[in-house]
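I am attaching a structure below and will ask some questions about it afterwards.
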Amino acid sequence: MSRVTMFNSPLLLGFDQLERTLDRLAKNAEGYPPYNIERIGENGLRITLAVAGFTSDGLAIELVENQLTVRGKQADDSDRIYLHRGIAARQFQKAFMLADGIEVVGARLDNGLLSIDLVRPVVEPRIRTIRIDAGQAAGAADQTIDITARRSR
């Protein structure tokens, strides 16, 4: 059975990595801890996670390529004897995929809320005219494209 994809249009070229990223995020979606994402100003974003009971030492924020990961781990206090334990001391990992160019500008823990501030850069439209070479059509199929040269631009 073939899989129907979101990006199966012949007009959407090169979006296979984006589709894999969306699939990975959907599989790892967990509701804990709850979070908000809000717009701050014209180009700012803020992710706020409810991390009651966590200290700044028990939290870690890491940015690898475009994936922002927040991890939390609480040390279990073995000296306490609970008659009822309704507040779970569990660890978590929450990942957010950031668009190219988004920068993390800071993080703050205040009253059980971890806020991570992001800035979205202003993108200038890029217009480029492509020159059309006149040549032999038969030889065009034999030419190879130097991918490393294209990536360095």
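Which residue pairs have Cβ atoms closer than 9 Å, lie 6 or more positions apart in sequence or on different chains, and pair a first residue in the range 69-84 that is exposed (fewer than 10 other Cβ atoms within 10 Å of the Cβ) with a second residue that is of a type outside the set (Asp, Glu) and not in a strand (DSSP E or B)?
75/58; 75/89; 76/89; 77/89
Filter the range 54-63 for residues that are over 12 Å from the mean Cα position of the chain (by Cα) and among the aliphatic types (A, V, I, L, M) and give the result.
59, 60, 61
Those residues that are charged (D, E, K, R) and in a strand (DSSP E or B), I need them from the range 35-82; list them, please.
Listed by number, the residues that qualify are 38, 39, 46, 62, 71.
Just to verify a result, which residue in the range 94-150, among those that are closer than 29 Å to residue 58 by Cα and of a type in the set (S, T, N, Q), is modelled with the lowest pLDDT?
Ranking the candidates gives 111 first.
While we're here: With the structure loaded, tell me whether residue 12 is over 19 Å from residue 70 (Cα atoms), modelled with pLDDT under 75 and surrounded by 12 or more Cβ atoms within 10 Å (Cβ to Cβ) or whether it fails that test.
Considered against the rule, which asks whether it is over 19 Å from residue 70 (Cα atoms), modelled with pLDDT under 75 and surrounded by 12 or more Cβ atoms within 10 Å (Cβ to Cβ), residue 12 comes out as yes.
Kindly evaluate residue 52 against the criterion of being surrounded by fewer than 12 Cβ atoms within 10 Å (Cβ to Cβ), free of Cβ contacts under 8 Å to residues at least 24 places away in the same chain, in contact with a Gly (Cβ under 9 Å, 6 or more places away or on another chain) and at negative phi.
For residue 52, the condition - surrounded by fewer than 12 Cβ atoms within 10 Å (Cβ to Cβ), free of Cβ contacts under 8 Å to residues at least 24 places away in the same chain, in contact with a Gly (Cβ under 9 Å, 6 or more places away or on another chain) and at negative phi - is not met.
When the range 103-137 is examined, which residues are found to be in contact (Cβ under 8 Å) with a residue 40 or more places away in the chain and among the hydroxyl-bearing types (Ser, Thr, Tyr)?
115
Within the group 66, 43, 36, which residue is at pLDDT 90 or above, under 22 Å from residue 103 (Cα atoms), of a type outside the set (Ser, Thr, Tyr) and within 16 Å of the chain's Cα centre (by Cα)?
36
Hey, can you tell me all the residues within the range 87-114 that are in a strand (DSSP E or B) and polar (S, T, N, Q)?
93
The values are calculated or read from the model by the stated rules, or taken from the named source; none is laboratory data. Keep in mind that what you see is a predicted model, and the values were worked out from it rather than measured. As a convention, Cβ positions derive from the backbone with ideal geometry for all residues, glycine included, and neighbour counts pool all protein chains shown.
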